[in-house]
Structures are given as structure tokens and as C-alpha cells.
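S.K.: Structure provided below as C-alpha cells; questions to follow.
Derivation of every value follows stated rules applied to the coordinates shown; laboratory data play no part. Values in this document were obtained by computation on a predicted structure and should not be read as measured data. Note that we place each Cβ from the backbone using ideal geometry, even for glycine, and neighbour counts take in every protein chain shown.
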Amino acid sequence: MAKIVFLGDSITKATDYGSVTLTDCFAFKVGALAGYAPSEIFNAGVSSDTSGGMLARITTDVIDKAPAVCVVMALVNDVVQDVPISAYKENLRAIASRMIVAGIKVVFVSPPLDRGSQALQEKCRSYLEALEAVSIEFSAPFIDCYREYAFMYLYGVGDFYACYVDNIHQTKIGHDKLVSILTRGTRIRAFCPPGITPVSQDLKSLVLSISDYLLSCRTSSLLSNVANERAKF
């Protein structure tokens with residue numbers, strides 16, 4: 001069976017903060033929604049880790065597990081520990097290259113907003129731009145949670161503060177918010193093995209899609225059955 005690995009820091013690990021369990025964290029829930037069994041979802045989050053640390057452990061924590069997909073969330077500790085942007089970018093390139101050589105699909109995601117000063121946000125922006133540039137360079141999916149959180153804060157969408165244990169780590173509510181961002185619409189496809197499309201999690205959408213197909217048959221008996229089933233929704 002296909003496997004998925006989530007490579008990151010304490011945000012990915014999740015269990016050190018806010019009484020979040022392994023199955024509460026965004027990694028497990030995104031993996032499950034993408035169709036992986038619990039035994040096929042690997043959380044390779046290490047607290048305080050940088051992109052360089054993730055690169056150093058990529059063989060044991062990712063490649064040796066032979067996953068179909070690896071999701072990489074690396075940014076916050078590179079910013080906090082003043083890793084030069086040039087080094088950050090090269091680490092991401094090396095991670096992507098190692099994945100590709102190993103036949104693993106790489107997906108880049110940015111972390112939730114690091115609540116802090118304007119200077120911090122300006123600094124983070126440069127790393128976000130580097131992350132996006134590497135994803136484009138390698139034609140890898142990139143989902144920007146950081147900017148989504150910024151919009152949520154600026155426009156008062158949802159309970160922003162309920163998402164946070166501290167300035168960056170997420171509560172159970174925050175992990176659910178990350179899940180909603182990462183799996184919205186067609187984004188869920190990014191986490192599936194190449195060539196695989198996720199089965200719809202929405203029974204209503206599935207039934208209505210089938211009914212639309214049956215409607216094209218234009219027989220009286222099918223039309224009657226379809227009408228009855230649609231009415232139930």
C-alpha cells in the first residue's frame with residue numbers, strides 16, 4: 001500500500017503542545033482524508049528542527065520508509081535560528097532532489113502565521129518567497145498556510161486566537177484549521193500518490209453526481225428513481 005510521510009518541526013509533531021494527540025494533528029487527518037490507512041501515515045516532526053536538520057535525517061525518516069508522498073513543512077526554525085535564506089533555499093532544493101531521485105512526490109506547505117512583530121513578518125516573507133520559488137523550480141505542489149492565516153487575522157475570519165497555544169503552535173482547533181486549508185477543493189489531490197484521485201468524502205456530492213449521470217439516460221423509471229433520491233437531500 002502507498003505511504004505518506006510528513007517531514008517537519010514541532011508544528012508537524014504537534015504532540016508537545018496543547019494536549020494535541022497524534023490523531024488530532026493535521027498530518028494524521030490530512031493523510032486519512034487523502035485515503036491512507038493509519039499505518040501508512042508517518043509523522044516525522046522533530047521539535048526545533050530546521051531545513052538543514054530535515055535534510056540530514058531524510059534517509060532514515062523518509063526515504064527508508066519508501067513513501068509515495070512526502071509533505072515538507074520547514075520555515076519557522078530557519079527564521080528563528082537565522083539560517084541564511086541562501087542556505088534555506090539550498091536545503092529545500094536538496095530535499096526535493098533527494099525525493100525525486102527516490103521516486104517520492106514532494107509537497108511543500110508553509111506553517112501557520114508566526115505571531116510577532118512587523119519585523120518578524122517581513123523576515124518570514126523572504127523565506128516564504130524562497131519556499132515558493134523552490135516549489136516552482138521543482139514543479140512541486142505548494143500550499144501556503146501562512147498567508148491564509150494572515151488573511152484570517154486581518155479580516156477576522158473565524159476564531160484566530162483559538163487556533164494557538166502560543167505564538168506558533170496549534171491547538172486542536174488550529175490543527176483542524178490547517179486541515180481545512182490543506183484539503184480545500186482540489187488541494188487534497190496534492191497528497192495522493194501520482195495518478196491517484198481521492199474518493200469523494202461527500203456522500204451527497206457523490207449521489208448527486210451519479211444522479212446527474214442517470215438523468216442523461218432519460219428513461220421514465222430512472223428519472224423517477226433519481227427524483228426520489230434527490231428529494232431526500
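S.K.: Under a crude label model (7 Å from the Cα following the beta-carbon direction), how far is residue 86 from residue 102 in nanometres?
M.R.: The answer from the label model is 2.8 nm.
S.K.: How big is the charge dipole of the stretch 4-191 about its Cα centre, in debye rounded to the nearest 20, if each Lys and Arg gets +1 on its Cβ and each Asp and Glu gets -1 on its Cβ?
M.R.: 440
S.K.: Report for the stretch 4-191 the percent antiparallel among DSSP-assigned beta bridges with both residues inside it, nearest 5.
M.R.: Just about 5 percent of them are antiparallel.
S.K.: Another question about this same structure. Please arrange 109, 20 by counting, for each residue, the other beta carbons lying within 10 Å of its beta carbon, fewest first.
M.R.: Going from least to most buried by this count: 20, 109.
S.K.: How about the stretch 55-142: which trypsin sites (Lys or Arg not before Pro) there are in a DSSP loop, with at most 12 other Cβ atoms within 10 Å of their Cβ?
M.R.: Qualifying residues, ordered by number: none.
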